Amino acid sequence: MVSFNELEEGYKIPPYIKGPIKREQLVEYAKASGDGNPIHTNESIAVMAGLKGVIAHGLLDMAFLIQAVVNWLGEDGELKDVDVQFRGMVRPGDMVHSKAKVLKKYEEGGKKFLDLEIWQEALTPIATISSSLTADKIEPPADGSLKLYEAAFRGWLRDGQNIIFERKKEDNKIEHTFYGVQNSIIGTAKVELFK
């Protein structure tokens, strides 16, 4: 439940996560949207266009971002306006994190509004390293259990791109997965709150 009086400037809405993005999803979106540009569905044409592989449709990515705001509002509000800039590419395998933060809250004409900063981060998997885990130390992988994702061998990462890692523990194993992170969309939105 979203309430105007309970929200403060700087409040961040819960992230909305989609993915991993699949090639089949891009083919289906191309059919449904009528956007038949082959850079979204045909590997060789995307490479000839200098993209190092297919990329997701910008409007599909934007739909995820809008869905984050609309889901958060639920029945308590309505999205009135959105203004975005496309800054980076989303590729198959990426996890897409859509986020928003309250910049300003105000009343106008007896109605309650929020101005939001909105952005989307594309997390591109690079590599996963699995190791044995004992009570006192992490053992390096004896079997060379290193998994490289497409980004590692296709050159999808840019110089200066942020790298983060996620750590998972299971039984006697520990797994570190490294991701390249970039903003794929940035922008603003205006929402009206009903409460």
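For the range 141-163, residues that are over 22 Å from LYS22 (Cβ atoms) and not hydroxyl-bearing (Ser, Thr, Tyr) total 11.
The single residue among ILE174, ILE138, ILE185 that is modelled with pLDDT of 85 or more and aliphatic (A, V, I, L, M) turns out to be ILE185.
Considering only the range 79-97, I want to know if a residue exists there that is buried (at least 20 other Cβ atoms within 10 Å of the Cβ), farther than 14 Å from ILE21 by Cβ and in contact with a Ser or Thr (Cβ under 6 Å, 6 or more places away or on another chain). Checked against the condition, which is being buried (at least 20 other Cβ atoms within 10 Å of the Cβ), farther than 14 Å from ILE21 by Cβ and in contact with a Ser or Thr (Cβ under 6 Å, 6 or more places away or on another chain), the range 79-97 yields no hits at all.
Here TYR11 meets each of (1) touching a strand residue (DSSP E or B) at 6+ places or on another chain (Cβ under 6 Å); (2) of a type outside the set (A, V, I, L, M, F, W, C); (3) loosely packed, with under 11 Cβ neighbours inside 10 Å with one exception, condition (3). Quick check, is GLY53 closer than 20 Å to GLU121 by Cβ, in contact with a helix residue (DSSP H, G or I) (Cβ under 7 Å, 6 or more places away or on another chain) and small (Gly, Ala, Ser)? Criteria met by GLY53. Filter the range 140-195 for residues that are in a strand (DSSP E or B) and of a type in the set (Gly, Ala, Ser) and give the result. Correct list: GLY180, SER184, GLY187, ALA189.
Every condition in (1) in contact with a Phe, Trp or Tyr (Cβ under 9 Å, 6 or more places away or on another chain); (2) closer than 30 Å to LYS105 by Cβ is met by LYS12 except one, and the failing one is (1). Taking the criterion of being under 25 Å from TYR29 (Cβ atoms), touching an Asp or Glu at 6+ places or on another chain (Cβ under 8 Å) and basic (Lys, Arg), the residues of the range 66-115 that qualify are ARG91, LYS99. I'd like the residue in the range 150-176 that is in contact with a strand residue (DSSP E or B) (Cβ under 6 Å, 6 or more places away or on another chain), farther than 30 Å from VAL84 by Cα and not basic (Lys, Arg) and, out of all such residues, is surrounded by the fewest Cβ atoms within 10 Å (Cβ to Cβ). Per the stated criteria, the residue is ASN172. Among the residues of the range 20-30, not a single one is among the hydrophobic types (A, V, I, L, M, F, W, C), free of Cβ contacts under 8 Å to residues at least 12 places away in the same chain and loosely packed, with under 15 Cβ neighbours inside 10 Å.
Just one of the listed residues (VAL96, VAL70, VAL54) is closer than 17 Å to VAL191 by Cβ and of a type in the set (Val, Ile, Thr), and it is VAL70. Have a look at LYS52, LYS101 and point out the one that is touching a residue at least 12 places away in the same chain (Cβ under 8 Å), basic (Lys, Arg) and closer than 16 Å to TYR16 by Cβ. Among LYS52, LYS101, only LYS101 is touching a residue at least 12 places away in the same chain (Cβ under 8 Å), basic (Lys, Arg) and closer than 16 Å to TYR16 by Cβ.
Only one of the numbered conditions (1) over 21 Å from the mean Cα position of the chain (by Cα); (2) surrounded by 13 or more Cβ atoms within 10 Å (Cβ to Cβ); (3) of a type in the set (Gly, Ala, Ser) is not met by GLY34, and that is (2). Based on what the data block shows, is LEU51 at pLDDT below 95 and under 21 Å from the mean Cα position of the chain (by Cα)? So LEU51 passes the test. Entry remark, the range 116-137: residues being of a type in the set (Asp, Glu), assigned to a strand (DSSP E or B) and over 12 Å from the mean Cα position of the chain (by Cα) number 1 in total.
The values are calculated or read from the model by the stated rules, or taken from the named source; none is laboratory data. Because the structure is predicted, anything quoted here is derived from the model rather than measured. In this analysis, Cβ positions are derived from the backbone assuming ideal geometry, glycine residues included, and neighbour counts consider all displayed protein chains.
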